[in-house]
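Each remark here refers to the structure printed beneath this line.
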Amino acid sequence: MFGLKGDWSLEVKDRYFTLQDYCGAEPRWCTGCGDHGILAAVHRVCRDSQIRPEKTVAVSGIGCSSRLPHYMNTYGFHGLHGRALPVACGIKSRRPDLDVWVATGDGDCFSIGAAHWIHAMRYNMDLTLLVFDNGIYGLTKKQTSPTTPMDVPTNTHPSGALLPPLNPLTVTLGVTNISFVAQIVDWNAVLRHEVIKKAHEHKGTSFVRIIQRCPVYVEAIGKRLQNEPARLKLLTHEKGIQLDDGVKNMFPNRAEHDPSDLAAARALAQDEEVLPLGILYHNPDAPRYETMSSVGLEMSVDEKLAGMNEALDHFAI
Amino acid sequence: MSNQRISGDTKYLFKRDRTWWVKLSVPRPLRGVLGYDLRRSLHTQDIEAARRARWEAIEEFRAKIEKLRAEQSGEVAEAPAATVSDPDRTRPAKDGIRRVDQHIVEIVSDSGEGAQKCGQILGLVSGKMGNGVWTVEIIPAEIQPPARERQGASGIRVRMGSKKITNMGNEADMVVAFNEQVLYSRIDNGAYRKGTIVLLESMWAEDPDERIRKQYQEALADFHAQGLIVHELPIQKECLKLVNDPRRGKNMFVLGMLCRIYHRDTDKAKIEIAKTFKKKGDKVIKINHDLFDAGYAFARDNLDYEFEIPAAEKDRLKSAVVINGNTAAGLGVMAAGIELVSMYPITPATSASHYLAEDFHLTGGFVHQAEDEIAAIGFAIGASYAGKTACTITSGPGMALKTEMIGLAVMAEIPLVIIDVQRGSPSTGLPTKVEQGDLLASLYGAPGDSPKIVIAAATISECFHFVVMARKLAESFRTPVILLTDANLATGVQPIERPDVSEEWFAAPLDQSAWDENVAPYDWDEATGLSDRPIPGMRGGEYILTGLAHNRHSKIAYDSASNQEGMNMRSRKLTTLAATMKPPEVHGDPTGDLLIVGWGSTLGAIEEAVDLARLQGKKVSTLHLRFLSPLEPGLKKIFSGFKKVMTIEINYSDDPDAPMINKENRRISQLALMLRAHTLIDIDCWSKVPGHPLQPGAIGRVIDARLAEIEGASSCSA
Ligand SMILES: Cc1ncc(C[n+]2csc(CCOP(=O)(O)OP(=O)(O)O)c2C)c(N)n1
Ligand code: SF4
Ligand SMILES: [Mg+2]
């Protein structure tokens, strides 16, 4: 909490929040959609950390995934397609006391919002950024997204995407001043929870790419990965996540990876055949923009009046 | 009537707008001081009375000329007053100070020679001496245009007066030109008249390049032929005595010259010079002070021009600050208690943020330079949603990018101040030049119905106060407010009454008290459309803001009734605001032949032209609108008091005389279009996109032409 002027632990003792306290409207996602599990993980992490619902803001863009705020019983901002990050950063800029979550999709974040993605990573404000990457535009009914594999037909590219998919991890790991980069699959509840919990605890922008199943439009993408566990590589480390053997054994392909090692993280991300799961990179000390943008927050009215007059003096005759 | 011939003796007499005037030509050598001729109105329409009255004036004119001639030494008789290309021919200063009411001076140079800095300091010093001032920057669109090119002209106009000055005025009285080519672009703009004094750098006469020497000589002859009074001055040569590269520094020499010519306070000038070069260290300040002193001494020893512009403005203003419109807007942001300005650089808006970057910390604020304009407004919207007052500052192309976000702010009722410093359009347009082209886009630019408050500042003072008002309106009406200013206001420097900032101007502190759970986040009042909003941190107020159609509970609602209700409520807020307003005040008589309607930065020029016309007995008045959405009430009634109503604007309309244009297909200017729809009155317009502010002289000619039409029409029907 260094540098933050929040007071968010003040009331926690006399209020205990249950999962129900974070649940909003009934989710309207399709049956079997990976979004349900991610939402459950978010509710649990909120409950476990006992964050105050009124101090929590879930921000999103537009897409299936961006419906998430409606399913929270906190404050929420369901804004424009691609623009969740600028709004979330703006909220955090002068309200570092608020706990800000961002839910966005592969189209929302990696396509229309790509500029904001790069820059938000660099601002490194304290946000928990969950990218629901289903490899497709869900809400608008099956158009190619930047991460759609070439062999998956879509309504805009019936014979498959024309170009190889964008690798969001290498892009993110290439941005200056990143502080937390992780990847998970929606269908492993323990991994999901551990990583989102760590992401939330981290002070800085925690980028979590969630490989999310959309059984309605691109069932093959999820199925393939579920059937070929060797294509996934679980990363564990004392500085990253540590899982029970029971969970670990679900991943035949595993590695110890120190998340403070950026070069190693980049090498793992580069591998297009095997998807690393867990925390790729973590730097708790990267500068956070909100510590700069929140200057002057506690100035009194008298101080401001004096400052105003000083400013006018600069132009006085 | 005005064309009717008068037979008989009209010596020294001429008629203007039915009134007789007297004039006497001034001998050539004295024109630099007295102008082309001496003239004044005889205040009579009767030729006999004029014939009798003229002699007194003629005698007075002759005495004035004789006095000046006596003061001047005999040797000046034929040569232009101060051709000092040859230093040996310089003459000592004369004690001929001329008192003038106002003077317009321009400094033009190649880009990078610092003419603007020179003029800005001259303007600042004049303002600080208590003179009325208005400056207009002459900016080439390119950063590094080629040297000695007409289109590369960079510079500044400074209009100084005894009283308040509200606009750039007509032709300049004096111009300092660093080369002869840049002068041409200003001549093409009609910036000068016969008798304008030109102080021209003479180094080009000896340039090693024959082509340049030739250009220079040709231009010189041309300027003389056009009636400009040219004095060639060895500015470069003089500066070389102090510095190796006078391209940097010449401007301070010229500033010294002008401070001598206009009797400016040299201490004040030196303070401003020191401020300008503060970051470069004492050595640089010293050399610039030396250049200033050298220029001052040079003008004293070599030029006969000395003007005094008494400072009456200081009596009018209790205490003043001298600022341009962008600084005013920046100070307004601070005085409004706005905490965050989120922006992306764009001319001519950026300097407001430059200013804030210097001083915003004094009131605890922060400037966020975003990755683009969409992010800039998104960031501001985020802060505002979280209960912090925020503002975004931009210009036309940036407004275009922000459109979707503005629609979101309207839909979700997020308070926000958006300042649009308008520039030439469309597309990248004329980045540095003035236009009033964003009016309709501001009102109607977003998809669907997107009612919001739009106001326009007409003065530099309003650039300040309207930000304070915009912040209050945004919060009271839970809506974005667009404040339109423009490139003319942005860079125009003027002394304004120092605002007496009060703590009520500041936004209320962040409210984190609990919210009554029974009150919906959009608890629209049926009668007004207004509602209070919960702020994150308020317990019990949790809601999900959405840009989708929603009901009072901020729940997504696709049903017809909810959609209609939301639309009604958002629109009703504007009606509520309009109901609180009084009809605007007409400048001039409330009835008459012609009413000019304007908005934004044209106020000063329009009122100056209208005042002059009224002095001449013409029945013209003007109305200047500050609120564009909603419009102020009572317009139809006001308009019905005039035979003709027309807008004057700096945006595009078809010239009525252009090929194929007729009354039906003519595309008219933006305010005219709005007012016609609003009042169903046949409102005419005169609008131009010259890339510079409108001048009172041009507006005066429009007034005359329209009055003649009205007179013609009524005499036909009579
Ligand atoms: C400016 C704009 N362009 C396009 C759209 C239409 N649109 C809505 S969501 C979406 C894509 C969503 O895909 P993704 O971000 O991957 O989210 P998903 O639905 O897959 O979760 C598009 C193109 C829009 N709402 N706004
Ligand atoms: S369309 Fe796909 S992503 Fe959207 S809710 Fe259904 S399954 Fe989920
Ligand atoms: Mg998607």
> Looking at B:Arg614, is it part of a loop (DSSP other than H, G, I, E, B) and charged (D, E, K, R)?
Replying inline: no
> Name the residues in segment A:26-48 that are away from ligand 1 (no atom under 16 Å from the Cβ), surrounded by 15 or more Cβ atoms within 10 Å (Cβ to Cβ) and of a type outside the set (A, V, I, L, M), would you?
Replying inline: A:His43, A:Arg44, A:Cys46, A:Arg47
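Looking only at segment A:120-143, which residues are within 14 Å of ligand 3 (Cβ to nearest atom) and surrounded by 24 or more Cβ atoms within 10 Å (Cβ to Cβ)?
To start, the set of residues in segment A:120-143 that are within 14 Å of ligand 3 (Cβ to nearest atom) comprises A:130-143.
A:Leu130, A:Val131, A:Phe132, A:Asp133, A:Asn134, A:Gly135, A:Ile136, A:Tyr137, A:Gly138 - these are the residues of segment A:120-143 that are within 14 Å of ligand 3 (Cβ to nearest atom) and surrounded by 24 or more Cβ atoms within 10 Å (Cβ to Cβ).
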>> Tell me whether segment A:72-89 contains one or more residues that are more than 8 Å from every other protein chain (Cβ to nearest Cβ), over 15 Å from the mean Cα position of the chain (by Cα), among the small types (Gly, Ala, Ser) and away from ligand 2 (no atom under 15 Å from the Cβ).
In response: no
>> I'd like the full set of residues that are buried (at least 24 other Cβ atoms within 10 Å of the Cβ) and at the interface with chain B (Cβ under 9 Å from one of its Cβ atoms), limited to segment A:101-119.
In response: A:His116
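Could you say which residue among B:Ile418, B:Ile393, B:Ile374 is within 16 Å of ligand 1 (Cβ to nearest atom) and surrounded by 21 or more Cβ atoms within 10 Å (Cβ to Cβ)?
Details: B:Ile418 fails: within 16 Å of ligand 1 (Cβ to nearest atom); B:Ile393 fails: within 16 Å of ligand 1 (Cβ to nearest atom).
None of the others qualify; the one that does is B:Ile374.
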>> Looking at (1) within 20 Å of B:Arg248 (Cβ to Cβ); (2) within 14 Å of chain A (Cβ to nearest Cβ), which one does B:Gly130 not meet, given that it meets all the others?
In response: (1)
> Of the residues B:Pro447, B:Pro480, B:Pro495, which is at pLDDT below 95 and surrounded by 23 or more Cβ atoms within 10 Å (Cβ to Cβ)?
Replying inline: B:Pro495
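Looking only at residues that are outside any loop (DSSP other than H, G, I, E, B) and among the hydroxyl-bearing types (Ser, Thr, Tyr) in segment B:551-593, which one is nearest to the other protein chains (Cβ to nearest Cβ)?
Start the filter on segment B:551-593 by keeping residues that are outside any loop (DSSP other than H, G, I, E, B), which leaves B:556, B:560-579, B:586-587, B:592-593.
Of the ones still in play, those that are also among the hydroxyl-bearing types (Ser, Thr, Tyr) are B:560, B:562, B:571, B:575-576.
Details: B:Ser560: 21, B:Ser562: 16, B:Ser571: 22, B:Thr575: 28, B:Thr576: 26 Å.
The selected residue is B:Ser562.
Would you check which residues across segment A:90-121 are away from ligand 2 (no atom under 16 Å from the Cβ) and of a type in the set (Asp, Glu) and list them? Full working, then the answer.
Start the filter on segment A:90-121 by keeping residues that are away from ligand 2 (no atom under 16 Å from the Cβ), which leaves A:90-102, A:112-121.
Selection gives A:Asp97, A:Asp99.
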> Can you name the residue in segment B:543-584 that is hydroxyl-bearing (Ser, Thr, Tyr) and crowded, with 18+ Cβ neighbours inside 10 Å and is also farthest from B:Leu628 (Cα to Cα) among such residues?
Replying inline: B:Tyr543
> Of the residues that make up segment B:660-681, is at least one surrounded by fewer than 22 Cβ atoms within 10 Å (Cβ to Cβ), in a loop (DSSP other than H, G, I, E, B) and of a type in the set (S, T, N, Q)?
Replying inline: yes
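Name the residues in segment A:288-317 that are in contact (Cβ under 8 Å) with a residue 12 or more places away in the chain and surrounded by 14 or more Cβ atoms within 10 Å (Cβ to Cβ), would you?
Start the filter on segment A:288-317 by keeping residues that are in contact (Cβ under 8 Å) with a residue 12 or more places away in the chain, which leaves A:288-291, A:293-294, A:297-298.
Scanning segment A:288-317 gives A:Arg288, A:Tyr289, A:Glu290, A:Thr291, A:Ser293, A:Ser294, A:Leu297.
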> If only one of B:Gln217, B:Gln151 is free of Cβ contacts under 8 Å to residues at least 60 places away in the same chain and either more than 22 Å from B:Pro234 (Cβ to Cβ) or crowded, with 22+ Cβ neighbours inside 10 Å (or both), which one is it?
Replying inline: B:Gln151
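Filter segment A:204-245 down to the residues that are among the charged types (D, E, K, R) and assigned to a strand (DSSP E or B), then identify the one that is farthest from ligand 3 (Cβ to nearest atom). If you could, list the steps in order and put the result at the bottom.
Step one: filter segment A:204-245 for residues among the charged types (D, E, K, R), giving A:209, A:213, A:219, A:223-224, A:228, A:231, A:233, A:238-239, A:244-245.
From what is left, the residues that are assigned to a strand (DSSP E or B) are A:209, A:233.
On the way: A:Arg209: 12, A:Lys233: 23 Å.
Top of the filtered list is A:Lys233.
Per-residue answers, yes or no, for (1) free of Cβ contacts under 8 Å to residues at least 24 places away in the same chain; (2) within 16 Å of ligand 3 (Cβ to nearest atom); (3) within 25 Å of A:Phe110 (Cα to Cα):
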position: A:Ala41; (1), (2), (3): no, no, yes
position: A:Val45; (1), (2), (3): no, no, no
position: A:Arg52; (1), (2), (3): no, no, no
position: A:Lys55; (1), (2), (3): no, no, no
position: A:Val59; (1), (2), (3): no, no, yes
position: A:Ile62; (1), (2), (3): no, yes, yes
position: A:Arg67; (1), (2), (3): no, yes, yes
position: A:Tyr71; (1), (2), (3): no, no, yes
position: A:Phe77; (1), (2), (3): yes, no, yes
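State the number of residues belonging to segment B:392-415 that are more than 12 Å from chain A (Cβ to nearest Cβ) and not in a loop (DSSP other than H, G, I, E, B). Talk me through it step by step, then tell me what you get.
First pass over segment B:392-415, keeping only residues more than 12 Å from chain A (Cβ to nearest Cβ): B:393-400, B:410, B:413, B:415.
Now restrict to residues that are not in a loop (DSSP other than H, G, I, E, B): B:393-394, B:396-400, B:410.
So the answer is 8.
Being closer than 30 Å to B:Lys275 by Cα, more than 7 Å from chain A (Cβ to nearest Cβ), surrounded by fewer than 24 Cβ atoms within 10 Å (Cβ to Cβ) and at pLDDT 95 or above is true for just one of B:Val434, B:Val367. Which residue is that?
Working: B:Val434 fails: surrounded by fewer than 24 Cβ atoms within 10 Å (Cβ to Cβ).
B:Val367 is the lone residue from the list that is closer than 30 Å to B:Lys275 by Cα, more than 7 Å from chain A (Cβ to nearest Cβ), surrounded by fewer than 24 Cβ atoms within 10 Å (Cβ to Cβ) and at pLDDT 95 or above.
If the requirement is being under 20 Å from the mean Cα position of the chain (by Cα) and not hydroxyl-bearing (Ser, Thr, Tyr), which of these qualifies: A:Arg231, A:Arg224, A:Arg192? If you could, list the steps in order and put the result at the bottom.
Details: A:Arg231 fails: under 20 Å from the mean Cα position of the chain (by Cα); A:Arg224 fails: under 20 Å from the mean Cα position of the chain (by Cα).
The unique qualifying residue is A:Arg192.
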> Any idea which of (1) within 16 Å of ligand 1 (Cβ to nearest atom); (2) in a helix (DSSP H, G or I); (3) of a type in the set (D, E, K, R) is the one A:Arg266 doesn't satisfy?
Replying inline: (1)
>> For the condition more than 16 Å from A:Gly222 (Cα to Cα), among the hydroxyl-bearing types (Ser, Thr, Tyr) and within 16 Å of ligand 3 (Cβ to nearest atom), what is the one hit in A:Ser179, A:Ser159, A:Ser111?
In response: A:Ser111
> Cβ-Cβ below 8 Å, separation at least six or inter-chain, first residue in segment A:127-151 and within 14 Å of another protein chain (Cβ to nearest Cβ), second near ligand 1 (Cβ under 6 Å from one of its atoms) and in a loop (DSSP other than H, G, I, E, B): which pairs?
Replying inline: A:Leu139/A:Ile62; A:Leu139/A:Gly63; A:Leu139/A:Cys64
> Quick check: anything in segment B:531-538 surrounded by fewer than 19 Cβ atoms within 10 Å (Cβ to Cβ), at the interface with chain A (Cβ under 7 Å from one of its Cβ atoms) and at negative phi?
Replying inline: no
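Sort through B:Ala269, B:Ala329, B:Ala299 and tell me the only one that's touching a helix residue (DSSP H, G or I) at 6+ places or on another chain (Cβ under 6 Å), surrounded by 18 or more Cβ atoms within 10 Å (Cβ to Cβ) and assigned by TED's automatic domain parsing to the domain that holds B:Arg498. First the steps, then the outcome.
Working: B:Ala269 fails: assigned by TED's automatic domain parsing to the domain that holds B:Arg498; B:Ala299 fails: assigned by TED's automatic domain parsing to the domain that holds B:Arg498.
Step by step, each of B:Ala269, B:Ala329, B:Ala299 is checked, and only B:Ala329 is touching a helix residue (DSSP H, G or I) at 6+ places or on another chain (Cβ under 6 Å), surrounded by 18 or more Cβ atoms within 10 Å (Cβ to Cβ) and assigned by TED's automatic domain parsing to the domain that holds B:Arg498.
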> Of the residues B:Gly130, B:Gly190, B:Gly119, which single one is surrounded by fewer than 22 Cβ atoms within 10 Å (Cβ to Cβ) and closer than 25 Å to B:Leu233 by Cα?
Replying inline: B:Gly190
>> Checking the conditions here, which among A:Thr172, A:Thr156 is of a type in the set (Ser, Thr, Tyr) and assigned to a loop (DSSP other than H, G, I, E, B)?
In response: A:Thr156
>> From the list B:Ile496, B:Ile482, exactly one residue is touching a helix residue (DSSP H, G or I) at 6+ places or on another chain (Cβ under 8 Å), in the same structural domain as B:Glu435 (by TED's automatic domain parsing), more than 19 Å from B:Lys573 (Cα to Cα) and part of a strand (DSSP E or B). Which is it?
In response: B:Ile496
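Restrict the check to segment A:4-21 and report whether at least one residue is at pLDDT 95 or above and either within 16 Å of ligand 3 (Cβ to nearest atom) or at positive phi (or both). Working first, answer last.
Within segment A:4-21, the first condition is being at pLDDT 95 or above, and the residues that meet it are A:16-21.
Okay, now just the ones that are also either within 16 Å of ligand 3 (Cβ to nearest atom) or at positive phi (or both), so none.
Looking for residues that are at pLDDT 95 or above and either within 16 Å of ligand 3 (Cβ to nearest atom) or at positive phi (or both), one finds none in segment A:4-21, hence no.
The values are calculated or read from the model by the stated rules, or taken from the named source; none is laboratory data. None of these values were measured; they are calculated from a predicted model. As a convention, Cβ positions derive from the backbone with ideal geometry for all residues, glycine included, and neighbour counts pool all protein chains shown.
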